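The numbers here are math on the coordinates, done by the rules we state, and not lab data. Remember, predicted model here, so these are calculated numbers, not experimental data. All Cβ positions, even for glycine, are placed from backbone atoms using ideal geometry, and neighbour counts span all protein chains on display.
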Protein chains: 4
Amino acid sequence: MPLVEGFGFSTEVRVRFAETDAQGIAHHAGFVVWLEVARIEYLDRFDGGYSSLQRSGLEALTLEVFVRYLAPARFDDRLRIQARCTDVRGARFRFEYLLDRTGEPIAEAWTAHATVAARSLRPTRTPGWLVDAIAAAES
Amino acid sequence: MPLVEGFGFSTEVRVRFAETDAQGIAHHAGFVVWLEVARIEYLDRFDGGYSSLQRSGLEALTLEVFVRYLAPARFDDRLRIQARCTDVRGARFRFEYLLDRTGEPIAEAWTAHATVAARSLRPTRTPGWLVDAIAAAES
Amino acid sequence: MPLVEGFGFSTEVRVRFAETDAQGIAHHAGFVVWLEVARIEYLDRFDGGYSSLQRSGLEALTLEVFVRYLAPARFDDRLRIQARCTDVRGARFRFEYLLDRTGEPIAEAWTAHATVAARSLRPTRTPGWLVDAIAAAES
Amino acid sequence: MPLVEGFGFSTEVRVRFAETDAQGIAHHAGFVVWLEVARIEYLDRFDGGYSSLQRSGLEALTLEVFVRYLAPARFDDRLRIQARCTDVRGARFRFEYLLDRTGEPIAEAWTAHATVAARSLRPTRTPGWLVDAIAAAES
């Protein structure tokens, strides 16, 4: 997977104590939450971000999640999450991620999504302003 | 606190691995989730339970939470949660809890709640059918 | 993916209110916790289960997680999780899952794991008793 | 409760989507996690912070939690958490908190703790360097 290069966006999370488990490491389910934090911050750069999507009566559903854990993360670690949005088509889009701790790879991941009408949860074409903003950000 | 006696209801939770932390014990925030699980199961015994409350356009908000941790719980522990509902007045009600592991006290707790209109989140009198069901259960 | 057939094990989770999100559905990260709950119960059937693994100084790490969400789950839904363990080789093993709500597919998933020494988190051959128990269960 | 005045420390959390629930608001259990985030950042200002406590073979247990919810928090809200440490005596100490959203009170809370030996989880006098650092910070 050519996940290592070509990320134009990154954010940081700090491992909370509540996110650790009895193995003494960050529990693997917490990574899925961090990916979402990264997506929200990725979209923040655009006109109104995720809230703007919601104001147009849309939500983004998660259709697929994949995470490959490369090294344990621990309490208080500051993890950089690089993210990029790819394959925006119709109602669908996809994110790819690389998590590292000062350069050491911690996890790689991708998620697949669809924009849906908030009430019915039915697939609805991703709004043009968002498609354009993503295309500009990733070009 | 006379929490030890007089519980007519109990349920059980089993500590999930995801609920432990790097101290090797169940993280203290998870107890607050378990209290909610107990409340839902407490209400299940009544006509339609919490879902019935929701169908009448109501939700129950949590106004206050208190937990006193008496002994650590660990992965895979089966905890009994005894619960009772008290002080149903107007839109308000209160739950008291005792958690134990085969008789050993693990935590005691209480929570305060209000029934609210689902849209506005404004306090709304607890429906008579629920007040009566609780009164019957706790008498 | 031939995930639909051939499961010899299943368990049930009930969607907690704390596991829902502002889309009104079960948050996608919670599924990863439920898969772990299913694995623990899967292993419970064997001699001492996961705790027995821990008593021999081992832990099981999660190396990869994949979830495909097929339909939203909601508060209070009772979800059946079918699970099977496959590809036990050296220190590695893999689980496959199918989640349904009274027959309606909700999600399919797989996870990859390694048994490791608890202190060093280094890969360590899965104990023979567990390999044999899994082989017997899945044959 | 004179919680409103006299806080010398504050930090900020941003409500994650995963922390919301089907009422459309931040789930009440998440506040307990945020209090912990605030404590960790409070201690960060001192020599080595919480990690330093751990390196001396100690952990801090949570003995009691109280939260009073004053107004709902919502997805993406930035909440200021003011915190102060009080009543450091022997192995025990206590934190008080006030959460607000640009001045609007969202919750008030307090938690009680004990420093314990990491292995035995038995109460152990809070180290002098930490007692002194807290006293200096709160004077």
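If I take every Cα pair under 8 Å that is 6 or more residues apart in segment A:41-103, average their sequence separation and divide by the length, what percent do I get for the relative contact order? Please report the intermediate quantities before stating the final value.
On the way: 40 pairs, mean separation 14.5, N = 63.
Answer for segment A:41-103 is 23 percent.
Under 1.5 on a/c is rounded, so check that first for the protein assembly as shown, then, if it is not, pick prolate when a/b is larger than b/c and oblate when it is not; a ≥ b ≥ c are the square roots of the alpha carbon gyration tensor eigenvalues. Numbers along the way, then the final one.
Working: a/c = 1.18, a/b = 1.14, b/c = 1.04.
Rounded.
Under the definition of partner shielding as Cβ atoms of other protein chains within 10 Å of a residue Cβ, what is the mean value for peptide A:26-39? It would help to have the intermediate numbers written out before the result.
Numbers: counts 1, 12, 12, 14, 5, 4, 10, 9, 3, 2, 7, 4, 0, 1.
Partner Cβ neighbours, averaged per residue: 6.
Other chains' Cβ within 10 Å of A:80-88 residues: what's the mean? Spell out each step's value before the answer.
Working: counts 0, 0, 0, 0, 0, 0, 0, 0, 0.
The per-residue average across the peptide is 0.
Per-residue mean of other chain beta-carbon atoms within 10 angstrom of the beta-carbon, peptide A:54-66?
On the way: counts 4, 0, 0, 0, 0, 4, 2, 5, 7, 5, 7, 10, 6.
Per residue, the number of nearby Cβ atoms from other chains is 4 on average.
How large are Rg and Dmax for segment A:1-124 when only the alpha carbon atoms are used, in Å?
15.1, 43
Is there a quick way to get the dipole size of the protein assembly as shown? I mean about its Cα centre, with the Cβ of Lys and Arg at +1 and of Asp and Glu at -1; what is the value in debye to the nearest 20?
Details: 68 positive and 76 negative charges, 0 e Å.
Dipole of the protein assembly as shown, to the nearest 20 debye: 0 debye.
To check my understanding: the extent here is largest minus smallest coordinate of the Cα atoms along each principal axis. What are those three numbers for segment A:72-128, in Å, largest first?
Computed over segment A:72-128, the largest-to-smallest principal extents equal 40, 22, 16 Å.
What is the angle, in °, between the Cα long axis of helix A:128-138 and the longest principal axis of the Cα atoms in chain A? Nearest 10 is fine, range 0 to 90.
40 degrees
Starting with the highest mean, order D:114-126, B:15-27, A:73-85 by the number of other Cβ atoms within 10 Å, averaged over the residues of each peptide.
On the way: D:114-126: 15.7, B:15-27: 22.3, A:73-85: 19.5.
Highest-to-lowest ranking by the protection proxy: B:15-27, A:73-85, D:114-126.
How big is the dipole moment of chain D about its Cα centre under a simple scheme where the beta carbon of each Lys and Arg is +1, that of each Asp and Glu is -1, and everything else is neutral? Debye, nearest 20, please.
Values: 17 positive and 19 negative charges, 88 e Å.
Value, rounded to 20: 420 debye.
Toward the positive end of the charge dipole of chain A, about the Cα centre and with charges on Cβ (Lys, Arg +1; Asp, Glu -1), which of A:GLY128, A:ILE81, A:LEU43 goes farthest?
Highest projection toward the positive end goes to A:GLY128.
So who's got an amide H within less than 5 Å of the one on D:PHE9, skipping anything under 5 residues away but keeping other chains? H placed 1.01 Å off N, in plane.
Sorted by chain and number, the residues that satisfy this are D:ALA83.
Against the empirical 2.2 N^0.38 Å scaling, what ratio does the C-alpha Rg of segment C:46-87 come to? Please report the intermediate quantities before stating the final value.
Working: Rg = 15.2 Å, N = 42, 2.2 N^0.38 = 9.1 Å.
Cα Rg divided by the expected 2.2 N^0.38 Å: 1.67.
What distance in nm separates the simple spin-label points at D:TRP129 and A:ARG101, each placed 7 Å from Cα in the Cβ direction?
2.2 nm
In degrees between 0 and 90, to the nearest 10, how far off the longest principal axis of chain D does helix D:28-44 point, with axes built from Cα atoms?
In chain D, helix D:28-44 runs at an angle near 40 degrees to the longest axis.
With runs of 4+ DSSP H residues as the only contributors, calculate the mean residue ellipticity of the protein assembly as shown at 222 nm using -39,500 (n - 2.57) per run, divided by the residue total and rounded to the nearest 500.
Numbers: 12 runs with 140 residues, N = 556.
Helix-only estimate at 222 nm: -8000 deg cm²/dmol.
What is chain A's relative contact order, in percent, from Cα pairs under 8 angstrom and six or more apart in sequence? All intermediate terms of the calculation are to be shown ahead of the outcome.
On the way: 250 pairs, mean separation 38.5, N = 139.
Once divided by the residue count of chain A, the mean separation gives 28 percent.
Taking 8 Å as the Cα distance limit and 6 or more residues as the minimum spacing, I'd like the relative contact order of segment C:1-74 as a percentage. Intermediate results must be reported in sequence, preceding the final value.
Details: 33 pairs, mean separation 27.9, N = 74.
Relative CO of segment C:1-74 lands at 38 percent.
Less than 19 Å from a label point 7 Å out along the Cα-to-Cβ axis of B:GLU12: which backbone N atoms in segment B:93-134 qualify, by residue?
Once the point is set 7 Å along Cα→Cβ of B:GLU12, B:98-107 turn out to lie under 19 Å by backbone N, inside segment B:93-134.
Under 11 Å from the Cβ of B:ARG92, count the other residues' Cβ atoms, weight Lys and Arg +1, Asp and Glu -1, and hand me the total. Provide the component values of the computation, followed by the final result.
Values: positive: B:ARG89, B:ARG94, B:ARG125; negative: B:GLU64, B:ASP87.
Here the charged neighbours net out to +1.
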